[in-house]
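Visitor: Can you read through this structure? Questions will come right after.
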Amino acid sequence: MMTEHYITSSVTPLDNLDVLSPYEVARLQDKTQGGLYSLFRQCALAVLNCGSEMDSTRMVLNRFREFDVQISQKHRGVQLDLINAPAAAFVDGELIQGIHEHLFAVLRDLLYVADKVDGCCEGLDPSASITNQVFNLLRHANALQPHVKPNMVVCWGGHSISHAEYEYTKRVGYEMGLRGMNICTGCGPGAMKGPMKGATIAHAKQRVERARYVGISEPGIIAAESPNPIVNELIIMPDIERRLEAFVRLGHGFIVFPGGVGTAEEILYILGILLQESNRAQPFPLIFTGPAGSEAYFETVDRFIRTTLGERATQCYEIIVDDPHAVAECMRDGLAEVTAHRKATGEAYHFNWQLRIPLALQQTFEPTHAAMRNLCLSRNQPDHVLAAQLRCALSGIVAGNVKEPGIRAIEEHGPFELHGEPEVIDALDQLLESFVSQRRMKINHEEYEPCFRLARAGRAS
């Protein structure tokens, strides 16, 4: 049944998750605080809202407030009843197949986290326990492919980018696809979609079978960055920290395109890992790249890193501007080094167990006003510790921009306050101001209202 903008329909799994236990069905229908109904409804709506330009969870939920999803066990197996779902997810009354797959990937991962992950890994220390949780989630999603030489390139970048930047991400993806590389992104639009789109053409030309376009998201961000339709392996991690760890454990090389606060958060996360002395021997290709005209963006990011984390941090990455061919060749050579290193050390191709990730980068950060105010933004601490603190600060700003709990907290208590050493706060101010002036905070380019306030030496700004 279809109205002007909505469709009501029933769907069943295509090839897996045919059977659920009564307990699992009850959890998905449970609307209490401990149930999964609200979370599943939100994630299902995000998948069905593919292609939308709304990048606020609240806007999406308000726009489709009449949407509902009900789950039941029929004689044929699991059935989802979609009520008042976005019409754009359907063609001639049938759910688009890629969206169909994404919908049941969400169901698979939410149930697995609720029933298996949180109670696993007894006897391990907290850091090893989190890493094993990430491994179990990726294995359950069939994302780990042993005996395949390293070829997974993680691409990070903004969802709110210019047309020229988007076209450039496609060109880079195309060059990598010609060289047989697979693509992993945050699964949303913009710089997360472009490399996949470019790679699909190259893979078709090279007759690459079973090309992989892996999208990794988490419940707090998925409504603001709905999975793009090219993703053929969607994985929902429980939170942003385990999502970030999934990227670095699964990926073999990393490319960073221009972006906003979320991209800066990812950069700080990876630098906080690479600055660990125990990780210095590992080859880890990390390239920052963008089209002609993006020089100022990378100069700003590079200056921020030099000021806060020091010169050693700048040795962890290479900047290449307006040369997709050079990016792909550099990544090809980097992946060859990764392959040789893993062969020599006996490390698995499919999951980087040797990488040392500090617990400070693994623990879930809840961006409350108190937590944001108490962050230690000072250079009088190890560089990897400051990287973790700055990562938390930017994670809080992302939450205040697009996540429903963060938006609500800002409305109730005002902007988050960040306090710190004047040099660090000044560098952060310049970075964030550049994102605002370049309209990189949100897709909706109306006047941006900052969800944060910076304080230097006791004075707010």
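The values are calculated or read from the model by the stated rules, or taken from the named source; none is laboratory data. None of the values given here were measured: they were computed from a predicted structure. Please note: Cβ atoms are built from the backbone with ideal geometry, for glycine as well, and neighbour counts cover all protein chains shown. Note: areas computed on protein heavy atoms with side chains; ligands, DNA, RNA excluded. Shrake-Rupley method; radii C 1.70, N 1.55, O 1.52, S 1.80 Å.
Visitor: Across segment 268-277, in residue order, what do the Karplus-derived ³J(HN,Hα) couplings come to in whole Hz, using 6.51 cos²θ - 1.76 cosθ + 1.60 with θ = phi - 60° and x for Gly and Pro?
Guide: 3J(HN,Hα) across segment 268-277, in whole Hz: 5, 4, 5, 5, x, 7, 5, 7, 5, 4.
Visitor: Here's something else I'd like to know. How would you rank 94-105, 175-186, highest first, on the average number of other Cβ atoms within 10 Å across their residues?
Guide: The most tightly packed comes first, giving 175-186, 94-105.
Visitor: Please tell me the relative contact order of segment 222-346 in percent, rounded to the nearest whole number, where contacts are Cα pairs under 8 Å and at least six residues apart.
Guide: Taking the mean separation of contacting Cα pairs over the length of segment 222-346, I get 27 percent.
Visitor: Separate question: Given Cα positions, please report Rg to Rh for segment 353-441, the hydrodynamic radius being the Kirkwood one.
Guide: Value, to two decimals: 0.98.
Visitor: Taking amide hydrogens as modeled 1.01 Å from N in the peptide plane, which residues meet the under 5 Å criterion relative to I7, leaving out close sequence neighbours?
Guide: Those lying under 5 Å, H to H, from I7 are N84, A85, A87.
Visitor: 5 Å is the cut-off here: which amide hydrogens, built 1.01 Å from N in the peptide plane, fall below it relative to G158, excluding neighbours closer than 5 in sequence?
Guide: A191, G259, G260
Visitor: Moving on. Within the chain, which cysteines find no other Cys whose Cβ is under 4.7 angstrom from their own?
Guide: By the Cβ distance rule, which asks for a partner under 4.7 Å, the isolated cysteines are C43, C50, C155, C184, C187, C316, C330, C376, C392, C451.
Visitor: For a quick check: with amide H placed at 1.01 Å from N, whose amide H comes under 5 Å from S378's, ignoring anything fewer than 5 positions away on the same chain?
Guide: For S378, whose amide H was placed from the backbone, the distant partners under 5 Å are E421.
Visitor: To continue, here is another question. Expressed as a whole percentage, what fraction of the accessible surface of segment 384-439 belongs to carbon and sulfur atoms when a 1.4 Å probe is rolled over the protein heavy atoms?
Guide: Exposed carbon and sulfur together represent 50 percent of the surface.
Visitor: Right, here's the next one. Using the Karplus curve 6.51 cos²θ - 1.76 cosθ + 1.60 with θ = phi - 60°, what ³J(HN,Hα) values do you get for each residue of segment 419-425, in whole Hz, with x for Gly and Pro?
Guide: Per residue, the Karplus-derived 3J(HN,Hα) values read 10, x, 4, x, 5, 5, 5 Hz.
Visitor: Please give, to one decimal in nm, the separation of the simple spin-label points placed at E449 and D30, each 7 Å out from Cα toward the Cβ.
Guide: 3.6
Visitor: Still on this structure, please answer the following. Leaving out ligands and nucleic acids, and using a 1.4 Å probe, what accessible area per residue does the chain come to in Å²?
Guide: 41
Visitor: Relative to the compact-globule scaling 2.2 N^0.38 Å, provide the ratio for the alpha-carbon radius of gyration of segment 295-452.
Guide: My calculation over the Cα atoms of segment 295-452 gives 1.23.
Visitor: At Q145 and D302, where each label point lies 7 Å from the Cα along Cα→Cβ, what is the point-to-point distance in nanometres?
Guide: 3.5
Visitor: Percent of Cα-Cα pairs more than 31 Å apart in the chain, please.
Guide: 40
Visitor: Evaluate Rg over Rh across segment 196-300, taking Cα atoms for both radii and Kirkwood's formula for Rh.
Guide: 0.98
Visitor: Along the Cα→Cβ direction, 7 angstrom out, place labels at I83 and D125. What is the inter-label distance in nm?
Guide: For I83 paired with D125, the spin-label model returns 5.1 nm.
Visitor: Hey, another quick one. What relative contact order, as a whole-number percentage, does the chain give when Cα pairs under 8 Å and 6 or more residues apart are counted?
Guide: 16
Visitor: On full extension of the chain, what length is gained from T345 through E311, given 0.36 nm per residue of separation minus the C-alpha to C-alpha distance?
Guide: Taking T345 through E311 to full extension adds about 9.4 nm, to one decimal.
Visitor: Would you mind calculating the relative contact order of segment 366-421 from Cα pairs under 8 angstrom and at least 6 residues apart, reporting the percent as a whole number?
Guide: 51
Visitor: If you don't mind, another one. Which ³J(HN,Hα) values, rounded to whole Hz and listed in residue order, are derived for segment 87-96 from phi using the Karplus coefficients 6.51, -1.76 and 1.60 in 6.51 cos²θ - 1.76 cosθ + 1.60 with θ = phi - 60°, glycine and proline given as x?
Guide: Once rounded to whole Hz, the list reads 5, 5, 7, 10, 10, 6, x, 10, 5, 4.
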